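Here's the structure we're looking at; comments come further down.
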Amino acid sequence: MNWREEYSSLGFIVVEGALSHDLIDGHLAEVEALLREYGATDAATFASLAPQADDRLMTAMLYLHRRGDSAGNLLHGPIIRSILRQLFGGEPSLGFARSAFWQPERVRAHVDTIFRSPDPPYSVCRTWCALEDIHPDSGLFYLVPGAHRALAPRLCGELLSERPDLAALFDRLGEEPELWRRLHNQAWPFVSAKVESRVKPHERFAPQLKKGDVVFFNPAIAHGAFASADPRLTRKMMLGEWTVKHPAGAEYFAPLAARAARARLSPARKDNLIDIRPILAARSETR
Ligand SMILES: O=C(O)CCC(=O)C(=O)O
Ligand SMILES: [Fe+2]
């Protein structure tokens with residue numbers, strides 16, 4: 001199986017040694033300085049940041065990743081770019097990015113989106129980059145292989161039949177792609193409650209990651225993170241979300257950054273949504 005087939009059937013690939021250790025070290029120094037500015041010096045102080053400070057930190061973090069030399073060079077390095085270019089069949093564009101030093105609480109199994117096609121060409125991809133050798137007790141990131149095909153489309157079907165309000169929004173996406181974010185936010189509690197309950201413990205696969213390794217994953221795959229078993233441990237990682245670059249040069253921004261930047265940037269974002277209704281229809285016919 002080549003890596004594209006693997007990505008297609010499992011929903012993710014792990015690329016070892018994709019990032020330069022020197023660039024990682026430079027980036028870690030920038031992130032550490034930013035965290036310190038916000039008073040986050042360990043897992044406890046990080047977890048107890050007030051929501052507003054946390055929002056501000058995340059926005060500053062995003063700008064550090066868009067502007068910072070080390071982060072820029074890391075994220076836009078040749079291996080990441082080349083893999084994304086091949087997945088997308090076009091130039092990748094960074095939607096959002098953040099780095100974190102700790103994973104104090106577990107992240108329940110979830111999908112980042114059920115509204116994207118699990119099939120090529122991929123409209124969106126996330127990169128989970130290990131910025132140190134990840135300690136097994138530090139709150140491992142896990143994925144559920146194949147769940148982007150087995151689970152996400154089914155949840156989408158359930159959502160559309162159980163929630164007429166959301167189905168109405170879904171139907172408008174073709175003409176108004178910017179509704180995607182609203183649909184995503186409104187659907188989130190419904191979807192995430194279902195995912196955790198349907199994913200069995202033995203289905204959660206946590207790759208052992210070393211500094212510089214990168215997991216590329218389809219955000220429709222079920223994934224999450226275990227809780228850290230030892231609050232003294234760090235889990236240094238950098239996350240990025242990528243979409244294929246839009247010809248008009250429109251930028252894709254996460255809502256957090258969009259809120260902060262609304263005054264300056266026109267929200268002329270066009271999501272490269274793929275209509276997954278034919279896929280759902282084809283699947284239900286074969287069942
Ligand atoms: O912190 C983690 O490992 C979870 C990350 C996650 O949910 C994501 O990358 O979409
Ligand atoms: Fe996620």
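Quick notes
- The lone exception for Val111 - which of (1) modelled with pLDDT of 85 or more; (2) over 29 Å from Leu179 (Cα atoms) it fails: (2)
- The lone exception for His65 - which of (1) over 14 Å from Phe216 (Cβ atoms); (2) at pLDDT 90 or above; (3) touching a strand residue (DSSP E or B) at 6+ places or on another chain (Cβ under 7 Å) it fails: (2)
- The residue of region 230-259 that is farthest from ligand 1 (Cβ to nearest atom), among those that are modelled with pLDDT of 50 or more and touching a Ser or Thr at 6+ places or on another chain (Cβ under 6 Å), is Lys245.
- Matching residues in region 89-108 - criterion: being among the charged types (D, E, K, R) and within 16 Å of ligand 2 (Cβ to nearest atom): Arg98, Glu105, Arg106, Arg108
- Close pairs (8 angstrom Cβ cut-off, 6 or more residues apart or separate chains): under 21 Å from Lys236 (Cα atoms) in region 202-226, near ligand 1 (Cβ under 10 Å from one of its atoms) and small (Gly, Ala, Ser) anywhere: Arg204/Ala109; Arg204/Gly224; His223/Ala109; Gly224/Ala109; Ala225/Gly139; Phe226/Gly139; Phe226/Ala206
- Just one of the numbered conditions (1) within 21 Å of Ile221 (Cβ to Cβ); (2) more than 16 Å from ligand 2 (Cβ to nearest atom) is not true of Val111: (2).
- Counting the residues of region 1-21 that are touching a helix residue (DSSP H, G or I) at 6+ places or on another chain (Cβ under 9 Å), surrounded by fewer than 18 Cβ atoms within 10 Å (Cβ to Cβ) and not β-branched (Val, Ile, Thr) gives 6.
- Filtering Leu49, Leu87 for residues that are surrounded by fewer than 22 Cβ atoms within 10 Å (Cβ to Cβ) and either touching a Pro at 6+ places or on another chain (Cβ under 7 Å) or not aromatic (Phe, Trp, Tyr) (or both) leaves a single hit, Leu49.
The values are calculated or read from the model by the stated rules, or taken from the named source; none is laboratory data. Everything numeric in this text was worked out from a predicted model, so none of it was measured. No Cβ is skipped: glycine too gets one built from the backbone with ideal geometry, and neighbour counts run over all protein chains shown.
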